[in-house]
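Below is one structure; the comments refer to it alone.
The values are calculated or read from the model by the stated rules, or taken from the named source; none is laboratory data. These numbers were taken from a predicted model, which means no experiment stands behind them. Positions of Cβ are backbone-derived with ideal geometry, glycine not excepted, and every protein chain shown enters the neighbour counts. The area values use the complete protein model at the heavy-atom level, side chains included, leaving out ligands, DNA and RNA. Shrake-Rupley method; radii C 1.70, N 1.55, O 1.52, S 1.80 Å.
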Amino acid sequence: MQQRTCLAIVLAAGEGVRMRSDLSKALHRIGGRPLIEHVMRAARQAGGNEIAVVVGPGRDDVAAAARSVVPQAQVFRQDERLGTAHAVLTARDAIARTPDDVLVMFADTPLVRAETVEALRAPLAGGAAVAVLGFMAADPSGYGRLLTDGDELIAIREERDATAEERAIGFCNAGLMALAGEHALAILDTIGNANARGEFYLTDAVAIARDMGLKAVAIATSEDDVRGINNKTQLAEAEAELQKRLRAAALEAGVTMVAPDTVFLCDDTRFGKDVTVEPFVVFGAGVTVEDGALVRSFSHLEGARVGKAARVGPFARLRPGTELGEDVHIGNFVEVKAAQIETGAKANHLAYIGDARVGAGANVGAGTITCNYDGVAKHRTEIGKGAFIGSNSALVAPVKIGDGAYVGSGSVVTRDVPDDSLAIGRGEQTIKEGWAKRLRDVKALGKKTPKKQA
Ligand code: UD1
Ligand code: CA
């Protein structure tokens, strides 16, 4: 059978007033990713071969987020928010190319699964002109109500326009709608704005299609699939539902978690085989944990790769650009940023390793700090393989500790240490009057740092 073509239109032009935020509603995040990205992905997975997004004026940030998922997405701008049908019609040019299916999705309904969207499209292949996604709402207030007669959908009534009797209906409009491409423009162009809010309601498409002698149906799904997000409470509820799904997927993939409810994951967290995650761990975006690794309690990871059989935490912080090789140990109160820690290296307690490379088998003692920032610029520290850094040492970057070198406890290392040598001591204290002020002055001029130790 030939695949039906599908134009998916994602509406994201609403003002989202109830979020009480300067950020567009579509850019608030769940599972570490903007709401609109979740919807764009579902649209594409459900067969949307052409994808349009409708954004408000000046919302290049929303358009950019949409394009990060679907680079060829068409962006339409709705200058005045005159309602959901008006928003859909800003994509008139795309609808006029008459795809088989026109799918309307809301950026504020990010939990919808691709399977559900496919189920919504199915009746169009069977001859229906309009298919609407419905669900039984625990609390229907705020949602449009679906007026049905057996399998047929008669109309959708927005709450403000509903009678008391209609409000008592629990079957609600999830907001997603599929329209037959051949009838879509005729239906949409007939929608008026004679209602309580004076808006062009997409929901009127149902009654109009029926008046035209066409068929409309409702497809039922669960509330967790279609929670709409209008405020921060609903944002938190959607996050909770997504976390539930991510934890279930991680367990399914073989991750051991004794208290999964206390582990927070991102949409893109990747786990190998035989990984163990102890209670109370937070994964930010971009984390990969390879086979056999152990992530202990109260650790926070973001933009990091944890190599095979590595151990992290408890109380470790891995920041973006962290690469832990095989068998690496990062212990309590150790922070790592933009650093490669190579096979078998260890930093077991109280250290900061930033903008650095730590060679294989090196041992970084408690209290070691890479002094990577001089107040103006960042500098790198290189620690050779098998090196030993004694406790409470400050490595003043840029600096290189050679392979197999040894740094005595409490050292302040300002010069490169050759392979297999010992560096020890704090050196003499030098006072340079006015030096700090000159540093601030060059910083203000945007120049390079005055020479270290000058
Ligand atoms: C809408 C439905 C309601 C349904 C509910 C499900 C209509 C008229 N009502 O109500 O039946 O139960 O969703 O969550 O469709 N938008 C624009 N431009 C506009 C107006 C809205 O792009 O002019 C976008 C918003 O960004 C949002 C979506 O359309 O993504 C829905 O708008 P919203 O105002 O949240 O509609 P609801 O009142 O929730
Ligand atoms: Ca909404």
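So here's what we get for this one:
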| quantity | calculated |
| --- | --- |
| Accessible area in the full protein assembly, largest first, 1.4 Å probe, for 257, 136 | 136, 257 |
| Spatially proximal aspartates and glutamates relative to residue 244 (Cα-Cα < 13 Å; intrachain offsets below 8 disregarded) | 224, 225, 252, 261, 267 |
| Zero-based 5 Å bins, Cα pair distances in region 317-440, whole percents | 3, 12, 21, 26, 18, 10, 6, 3, 1, 0 |
| For region 116-215, fraction of C-alpha pairs farther apart than 20 Å, in % | 35 |
| Charge dipole of the chain about the Cα centre (unit charges at C-beta), most positive-ward option of 228, 362, 329 | 362 |
| Nearest 10 degrees, 0 to 90: helix 181-190 Cα axis against the chain principal axis | 70 |
| Peptide ranges 28-34, 114-120 listed from the most packed, as the mean C-beta count within 10 angstrom indicates | 28-34, 114-120 |
| Kirkwood Rh, angstrom, region 136-277 [1 / mean 1/r, Cα pairs] | 18.0 |
| Three principal axis lengths of region 278-350 [C-alpha, angstrom, descending] | 26, 23, 22 |
| For region 165-247: accessible area per residue (Å², 1.4 Å) | 42 |
| Per-peptide average of other Cβ atoms within 10 Å, ordering 101-112, 122-133, 208-219 highest first | 101-112, 122-133, 208-219 |
| Net charge, residue 256 excluded, C-beta distance under 10 Å - Lys, Arg +1, Asp, Glu -1 | -2 |
| Dipole-positive endmost among 315, 95, 271 within the chain (Cβ charges, Cα centre) | 315 |
| Charged-residue dipole, Cβ positions (Lys, Arg, Asp, Glu), region 119-221 about Cα centre, Debye nearest 20 | 160 |
| The chain: translational diffusion in µm²/s, Stokes-Einstein, Kirkwood Rh over Cα pairs, 4 °C, 1.567 mPa s | 51 |
| Carbon + sulfur, % of accessible area of region 329-436 - ligands and nucleic acids excluded, 1.4 Å | 53 |
| Cα centroid separation - region 1-54 against region 75-123, whole Å | 9 |
| Estimated 222 nm signal from helices in the chain, with DSSP H stretches of n ≥ 4 weighted -39500 (n - 2.57), rounded to 500 | -6000 deg cm²/dmol |
| DSSP-defined antiparallel bridges as percent of all bridges, the chain, nearest 5 | 20 |
| Tally of Lys pairs whose C-alpha atoms are under 17 Å apart, taken over region 320-454, 8 or more apart or cross-chain | 20 |
| Rounded D (µm²/s) - region 1-99, Kirkwood Rh over Cα pairs, Stokes-Einstein at 25 °C, 0.890 mPa s | 177 |
| P(r) weight above 23 Å for region 208-344, C-alpha pairs, percent | 41 |
| Sum of side-chain charges, residue 66 neighbourhood, beta-carbon under 13 Å (Lys, Arg +1; Asp, Glu -1) | +3 |
| Check: region 5-158 dipole with +1 on Lys, Arg Cβ and -1 on Asp, Glu Cβ, in debye | 420 |
| For residue 83, net neighbour charge (Lys/Arg +1, Asp/Glu -1) across residues whose Cβ lies under 11 Å away | -2 |
| Fraction in percent of alpha-carbon pairs per bin - 10 Å, region 66-174 | 11, 36, 38, 13, 1 |
